[in-house]
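Novice: Just dropping this structure here.
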Amino acid sequence: MNAANYLYVSALLFTIGAIGVVVRRNAIVVFMCVELMLNASNLAFVTFARINGNLDGQVVAFFTMVVAACEVVVGLAIIVTIYRSRRSASVDDASLLKR
Amino acid sequence: MTSQSLVYLVALPLFGSALLLLGGKRTNRWGHLFATAISASAFGVGLYQFSVMLGQPDSQRALTQKLFSWISVGTFQVDAGLMVDQLSICFVLLITGVGTLIHIYSIAYMSHDLDRRRFFAYLNFFIAAMLLLVLGDSYLNLYVGWEGVGLASYLLIGFWNQKPTYATAAKKAFVANRVGDMGLSLAIMIAFATLGTVSFAGVKEHAGQASTGALTAIGIMLLVAATGKSAQFPLQAWLGDAMAGPTPVSALIHAATMVTAGVYLITRSNFIFDAAPTAQLAVAIIGAITLLFGAVIGMAKDDIKKALAASTMSQIGYMVLGAGLGPAGYAFAIMHLLTHGFFKAGMFLGAGSVMHGMNDEVNMRRFGGLRKFMPITFATFGLGYLAIIGVPPFAGFYSKDKIIEVAFNAGGIKGITLGAAALLGAAITAFYMTRVVILTFAGNKRWDEKAHPHESPILMWAPMVLLAVGSVASGFLFTRGDALRNWLAPVVEPMPVHEAELMSPAVVSILALALVVVGVGLAIIKYFLSEVPVVAPTDVTVFTRAARRDLMQDDFNEAVFMRPGQAITRGLVKTDVAVIDGAVRAVARLARGSGNVLRTTQTGFVRSYAMWIFLGAVGLVAAIWMVTL
């Protein structure tokens, strides 16, 4: 199977994720879209590792997963806290620094 | 020889001043007595030093004391050191002696003043600073005292600073003195640059190696310093206004001691002036100009203190002239300084006594006939008067005639000009001093009903009597066997007396006496034999009008220095506001403007930030792609 197809999938996933981050208001969904972008890049890394025949891309993919896990822990905690205090998970509502 | 007790001369009054100033109201009750005792004990220390010096041979009389190492930078070493030699001790005794008498006088004179303690604190501070001035063993130490007396003078002229004019007078004195001080600091810098040392001994030792040009520059700068402190032409304008201070201050600072600091400086620097004839001639010329200048002003003043101030200016002119005549004149300059210290301080105290009895009136046209009411004041003032106009055997006769004689014998056209100026000054002195005495003590009563003239208390007249004794006897004592001249010889190295003299002492004395008689006679005709109007006549010649305005000295200073100075200041302020502030404000405006523009991008929406980040990333990738392609 042609390795380039994985890259197409990766680009598709990344685009979906990016559009989701920019257009969706729900913080959880935005968060999931960020995860989508991270995983799209993971897919690209792994694919390139396969194409080039070395393990560098796979190693980076592991790092990305670790970072993503940390991000989920901190990010979800923040979102939950904001939701508790403001009764809203909309990212547009959380613009207090502007005012 | 070293001495361990010199420091007390300065430390005692300094301690007294600090105690009275820091002690505050608690010292109100005994502060004046304490300050007087301190001053008297400083006089005692001075007498002790004098006795120590008398017991030494001529060449070893100078006593020194090193206090501490003051400045130590590489090869430049200045110790805070004190030195008393034959010249300094004259000043020490004059300052502490006359100073103590004036302290005593002030106890009574200032008894009604609420701030008497502060007054005495300042007086003690002045004594300390003046002693430091004459005791310092280097120009730098002298400079500290020099500034100290300037400060004391400022504080005391403006002692009654609730009156704005008095405060202004104090400021004026300070500013004029600053101009002179600049001269002194420049002289010190030039001395250091060319000679590498600023101590008197060092400068004296190395003066021979310096070029005449450098020595002339130092000499001229020292002269500038002397003109500022000693109210000499062209920095003389402050002395008349300085009479705003209480009368004891005028007697101590602006007659007997501080204003003679310039003469001390020139005499102390004799080794510089002797090696720089141009500077020396400039000193003599300045002295001659000032002695006439002051005398002319003195003729027109109706304010008794201002008349005496003009007279002080003129008499210091004599001293500066004497000091400018080189080795032949130094001793006589100092002698005149000492005798003047007695008679002028005495006359100022007399003027204070008159004011004390006349409700602080100073206009002599409102006096008259006080002889009967204030016999002691009249007698002491009269003795001072006889001393200043130079009637034998009073003090001024010995000192002033000697200066005139030395001036004539300076040789050539210079000698004749300077001598003639000094002789003319003697005649004018006789005229204006006679005028002062007649207007105050003789003639009809011209005061109004409210005044009740009375003799002053003993605390006031006792110092006047002592000073009068000095005015009578000092000249005779100083000249007996050339006592003062021989005493000062190791410091100023007098020249052997000229063989070919233009004028012998007898001729000078007869000439001077004749002119004095003329001056006195004119004054008697004008003020004793004819009626004195209570209000000064206005239909007077342009010369009188000029003399009343202090010969336009203020007008000159204002036109030449003050107004252009103000114009420059205004111009600088405008430049500052427009150019420098303008540039700073433009930068601030730029920052604020660009901030305003950029602020619009801060929407507060996370999604728009995400959009920007995304676009930025895309742009970055695109850029890298373009470059690598």
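Novice: Scan (1) over 29 Å from the mean Cα position of the chain (by Cα); (2) part of a helix (DSSP H, G or I) for the single condition B:Gln56 breaks and write down its number.
Specialist: For B:Gln56, the exception is condition (2).
Novice: Among the listed residues B:Ala622, B:Ala567, B:Ala591, identify the single one that is modelled with pLDDT of 85 or more and within 26 Å of A:Ala18 (Cα to Cα).
Specialist: B:Ala622
Novice: Might you check whether a residue that is in contact with a His (Cβ under 9 Å, 6 or more places away or on another chain), assigned to a helix (DSSP H, G or I) and surrounded by 24 or more Cβ atoms within 10 Å (Cβ to Cβ) occurs anywhere in region B:277-295?
Specialist: Taking every residue of region B:277-295 in turn, none turns out to be in contact with a His (Cβ under 9 Å, 6 or more places away or on another chain), assigned to a helix (DSSP H, G or I) and surrounded by 24 or more Cβ atoms within 10 Å (Cβ to Cβ).
Novice: Going by what's in this entry, would B:Thr257 be described as outside the structural domain of B:Leu325 (by TED's automatic domain parsing), buried (at least 24 other Cβ atoms within 10 Å of the Cβ) and β-branched (Val, Ile, Thr)?
Specialist: yes
Novice: Something else now. Anything in region A:50-61 that is of a type in the set (A, V, I, L, M, F, W, C) and in contact (Cβ under 8 Å) with a residue 12 or more places away in the chain? List them, or say none.
Specialist: If the condition is that a residue be of a type in the set (A, V, I, L, M, F, W, C) and in contact (Cβ under 8 Å) with a residue 12 or more places away in the chain, then A:Ile51, A:Val60, A:Ala61 are the ones that fit.
Novice: Still on this model: Restricting to region B:573-603, name every residue that is over 60 Å from the mean Cα position of the chain (by Cα) and of a type in the set (Ser, Thr, Tyr).
Specialist: B:Ser594, B:Thr600, B:Thr601, B:Thr603, listed by residue number.
Novice: Considering region B:163-204 alone, what residues qualify as being among the β-branched types (Val, Ile, Thr) and within 21 Å of B:Val149 (Cβ to Cβ)?
Specialist: B:Thr168, B:Val175, B:Val179, B:Ile188, B:Val198
Novice: For B:Gln77, which of the numbered conditions (1) without any contact (Cβ under 8 Å) to a residue 40 or more places away in the chain; (2) touching a strand residue (DSSP E or B) at 6+ places or on another chain (Cβ under 9 Å); (3) crowded, with 23+ Cβ neighbours inside 10 Å fails to hold?
Specialist: Result: B:Gln77 fails condition (3) only.
Novice: So for region B:218-234 (the condition being surrounded by fewer than 18 Cβ atoms within 10 Å (Cβ to Cβ), among the hydrophobic types (A, V, I, L, M, F, W, C) and not in a helix (DSSP H, G or I)), does at least one residue qualify?
Specialist: Scanning region B:218-234 turns up no residue that is surrounded by fewer than 18 Cβ atoms within 10 Å (Cβ to Cβ), among the hydrophobic types (A, V, I, L, M, F, W, C) and not in a helix (DSSP H, G or I).
Novice: Among the residues of region B:520-541, is any within 30 Å of B:Tyr398 (Cβ to Cβ), aliphatic (A, V, I, L, M) and loosely packed, with under 15 Cβ neighbours inside 10 Å?
Specialist: yes
Novice: Among the residues that make up region A:13-33, is at least one of them among the basic types (Lys, Arg) and in contact with a strand residue (DSSP E or B) (Cβ under 7 Å, 6 or more places away or on another chain)?
Specialist: yes
Novice: Exactly one of (1) closer than 30 Å to B:Gly412 by Cβ; (2) surrounded by fewer than 21 Cβ atoms within 10 Å (Cβ to Cβ) is unmet by B:Leu325. Its number?
Specialist: Exception for B:Leu325: condition (2).
Novice: Give me the pairs: first residue in region B:363-377 and at negative phi and part of a helix (DSSP H, G or I), second residue surrounded by fewer than 20 Cβ atoms within 10 Å (Cβ to Cβ) and basic (Lys, Arg), beta-carbon distance under 7 Å, and six or more apart or on different chains, which are they?
Specialist: Partner pairs satisfying both residue conditions: B:Arg365/B:Arg446; B:Arg366/B:Arg446.
Novice: Only residues in region B:596-613 that are more than 7 Å from every other protein chain (Cβ to nearest Cβ) and exposed (fewer than 14 other Cβ atoms within 10 Å of the Cβ) count as the first member; pair them with residues that are assigned to a helix (DSSP H, G or I) and among the aromatic types (Phe, Trp, Tyr), Cβ under 8 angstrom, at least 6 apart or cross-chain, and list the lot.
Specialist: B:Thr601/B:Trp612
Novice: Follow-up question, since we're still on this one. B:Ala426 fails exactly one of the following numbered conditions: (1) crowded, with 24+ Cβ neighbours inside 10 Å; (2) in contact with an Asp or Glu (Cβ under 7 Å, 6 or more places away or on another chain). What is the number of that condition?
Specialist: Failed condition: (2).
Novice: Quick one: B:Ser199 ticks every box in (1) surrounded by fewer than 17 Cβ atoms within 10 Å (Cβ to Cβ); (2) among the hydroxyl-bearing types (Ser, Thr, Tyr); (3) in contact with an Asp or Glu (Cβ under 8 Å, 6 or more places away or on another chain) except a single one, so which number is it?
Specialist: Only one criterion is unmet by B:Ser199, namely (1).
Novice: Take the residues in region B:594-619 that are out of contact with any Lys or Arg (no Cβ under 8 Å at 6 or more places or on another chain) and polar (S, T, N, Q), then tell me which one is modelled with the highest pLDDT.
Specialist: Looking at residues that are out of contact with any Lys or Arg (no Cβ under 8 Å at 6 or more places or on another chain) and polar (S, T, N, Q), I get B:Ser594.
Novice: Further question: Just wondering, is there one or more residues in region B:20-41 that are within 27 Å of B:Phe200 (Cβ to Cβ), free of Cβ contacts under 8 Å to residues at least 24 places away in the same chain and not in a helix (DSSP H, G or I)?
Specialist: no
Novice: A follow-up question, please. Could you say whether any residue in region B:298-317 is more than 26 Å from B:Gln553 (Cα to Cα), touching a residue at least 12 places away in the same chain (Cβ under 8 Å), out of contact with any strand residue (DSSP E or B) (no Cβ under 9 Å at 6 or more places or on another chain) and in a helix (DSSP H, G or I)?
Specialist: No, there is no match, as no residue in region B:298-317 is more than 26 Å from B:Gln553 (Cα to Cα), touching a residue at least 12 places away in the same chain (Cβ under 8 Å), out of contact with any strand residue (DSSP E or B) (no Cβ under 9 Å at 6 or more places or on another chain) and in a helix (DSSP H, G or I).
Novice: Within the group B:Leu423, B:Leu467, which residue is out of contact with any Ser or Thr (no Cβ under 9 Å at 6 or more places or on another chain) and either farther than 21 Å from B:Met313 by Cα or in a helix (DSSP H, G or I) (or both)?
Specialist: Criteria check complete, one pass: B:Leu423.
The values are calculated or read from the model by the stated rules, or taken from the named source; none is laboratory data. Small disclaimer: the values here were computed from a predicted structure and weren't measured. No Cβ is skipped: glycine too gets one built from the backbone with ideal geometry, and neighbour counts run over all protein chains shown.
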